[in-house]
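Here the structure is laid out as structure tokens; the discussion comes afterwards.
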Amino acid sequence: MMDQKNRYRYFIRLAYNGGRYHGWQIQDNALTVQAVVNDAVSKIFGQQINVTGCGRTDTGVHAREFYIHFDLPYVIQDKDMHLNKLNGFLPKNISMFQMIPVTENAHARFDATSRTYQYFISRKKDPFNQDFSWFVHGEIDVDKLNKAANILFGYSDFTSFLKTNTDTLTNNCKIKFARWEEKDNMLVFTITADRFLRNMVRAIVGTLLDVGRGKNDLAGLRKIIESKNRSNAGYSVPAKGLFLTKVEYPQNLFLK
């Protein structure tokens, strides 16, 4: 066991293509991002290390920005050198960008003040986007999508978008930003909250799309949220279009 008097904590900022992985969290008999990162960090630092992630992305979900923390019994003198070694050991679908010393009790998951996800919908068939977006046919009213997104701000309990048979202490989340934008041939949904429930973003996207495609209306969306019943909400959209894009922390956690 590591001596608490000689324990130094570090964050690493990384990104990954989740297409080949069964999510972030370690699972028996399944390839996960955490398992691969644990292996790399343990080998480079010469000891068994189990990293803690800032969240638990599902199977097939990507991360443009993700943070982990881990402890060492010594100060890292050359962080860039160790980052280069880690990137040389990691597969091409995982990259590490920054190693940051933090306060001894800083926590990658519990100290995050907000997380931002983006979901990408392709409006034109494109072979170069098919692995990172969902191609949707037909008319979609973006104005209706944003009116539906604005309704989310009036609620805190999002049980209706929680994957069934998931145990949580609370289903309350504070949504800080939610908006749809058209960019070239893409439709992008951006959402920021203090926390997210399992499968929440993909269920929200599917439910809002029902409004944008005329299959539901704003009053119907309110009823779905207030029912606190997942079976009333819309389809959970494919994982390949979902990215974790931003994680924010109090600046006082980071040391120079």
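The residues of segment 55-104 that are out of contact with any helix residue (DSSP H, G or I) (no Cβ under 7 Å at 6 or more places or on another chain), surrounded by 15 or more Cβ atoms within 10 Å (Cβ to Cβ) and of a type in the set (Val, Ile, Thr) amount to a single one, Ile100. Taken over segment 27-82, the criterion of being under 14 Å from Leu14 (Cβ atoms), in contact (Cβ under 8 Å) with a residue 60 or more places away in the chain and aliphatic (A, V, I, L, M) is satisfied by Val33, Ala63.
Candidates are the residues of segment 183-221 that are charged (D, E, K, R) and in contact with a Lys or Arg (Cβ under 8 Å, 6 or more places away or on another chain); the one that is modelled with the lowest pLDDT is Arg198. Among the residues of segment 229-256, the ones that are under 20 Å from the mean Cα position of the chain (by Cα) and part of a helix (DSSP H, G or I) come to 3 in all. Total residues in segment 21-49 satisfying the condition of being within 20 Å of Met81 (Cα to Cα), part of a loop (DSSP other than H, G, I, E, B) and touching a strand residue (DSSP E or B) at 6+ places or on another chain (Cβ under 7 Å): the figure is 1.
Screening segment 1-12 for residues that are under 20 Å from Phe254 (Cα atoms) and surrounded by fewer than 17 Cβ atoms within 10 Å (Cβ to Cβ) and picking the one that is modelled with the highest pLDDT gives Tyr8. Screening Leu162 on (1) surrounded by fewer than 17 Cβ atoms within 10 Å (Cβ to Cβ); (2) touching a Leu at 6+ places or on another chain (Cβ under 8 Å) shows it passes everything except condition (1). Taking every residue in segment 151-180 that is among the β-branched types (Val, Ile, Thr) and pairing it with any residue that is surrounded by 12 or more Cβ atoms within 10 Å (Cβ to Cβ) and assigned to a helix (DSSP H, G or I), at least 6 positions away or on another chain, the pairs with Cβ-Cβ distances below 8 Å are Ile151/Leu218; Ile151/Leu221; Ile151/Arg222; Ile151/Ile225; Thr159/Arg230; Thr164/Arg230; Ile175/Leu152; Ile175/Phe153.
Any idea which residue in segment 105-134 is modelled with the lowest pLDDT, counting only those that are surrounded by 15 or more Cβ atoms within 10 Å (Cβ to Cβ), within 10 Å of Gly241 (Cβ to Cβ) and not aliphatic (A, V, I, L, M)? Restricting to residues being surrounded by 15 or more Cβ atoms within 10 Å (Cβ to Cβ), within 10 Å of Gly241 (Cβ to Cβ) and not aliphatic (A, V, I, L, M), the top hit is Asn129.
So, in segment 224-256, of the ones that are of a type in the set (Phe, Trp, Tyr) and buried (at least 19 other Cβ atoms within 10 Å of the Cβ), which residue ends up nearest to Thr59 (Cα to Cα)? Spell out how you get there, then give the answer.
Within segment 224-256, the subset of a type in the set (Phe, Trp, Tyr) is 235, 243, 249, 254.
Next, only the ones that are buried (at least 19 other Cβ atoms within 10 Å of the Cβ) stay: 243, 249.
Numbers: Phe243: 12, Tyr249: 25 Å.
Filtering segment 224-256 for residues that are of a type in the set (Phe, Trp, Tyr) and buried (at least 19 other Cβ atoms within 10 Å of the Cβ), the one nearest to Thr59 (Cα to Cα) comes out as Phe243.
Is segment 216-223 home to any residue that is more than 20 Å from the chain's Cα centre (by Cα), surrounded by fewer than 16 Cβ atoms within 10 Å (Cβ to Cβ), of a type in the set (Gly, Ala, Ser) and in a helix (DSSP H, G or I)? So far as segment 216-223 goes, yes, one or more of its residues are more than 20 Å from the chain's Cα centre (by Cα), surrounded by fewer than 16 Cβ atoms within 10 Å (Cβ to Cβ), of a type in the set (Gly, Ala, Ser) and in a helix (DSSP H, G or I). Of the candidates Phe196, Phe177, the single residue that is of a type in the set (Phe, Trp, Tyr) and in a loop (DSSP other than H, G, I, E, B) is Phe196. Screening Asp39 against (1) over 19 Å from Leu242 (Cβ atoms); (2) surrounded by fewer than 18 Cβ atoms within 10 Å (Cβ to Cβ); (3) within 16 Å of the chain's Cα centre (by Cα) leaves a single unmet condition, (3).
The values are calculated or read from the model by the stated rules, or taken from the named source; none is laboratory data. Just so we're clear, the structure is a prediction, and the values are computed from it rather than from any experiment. In this analysis, Cβ positions are derived from the backbone assuming ideal geometry, glycine residues included, and neighbour counts consider all displayed protein chains.
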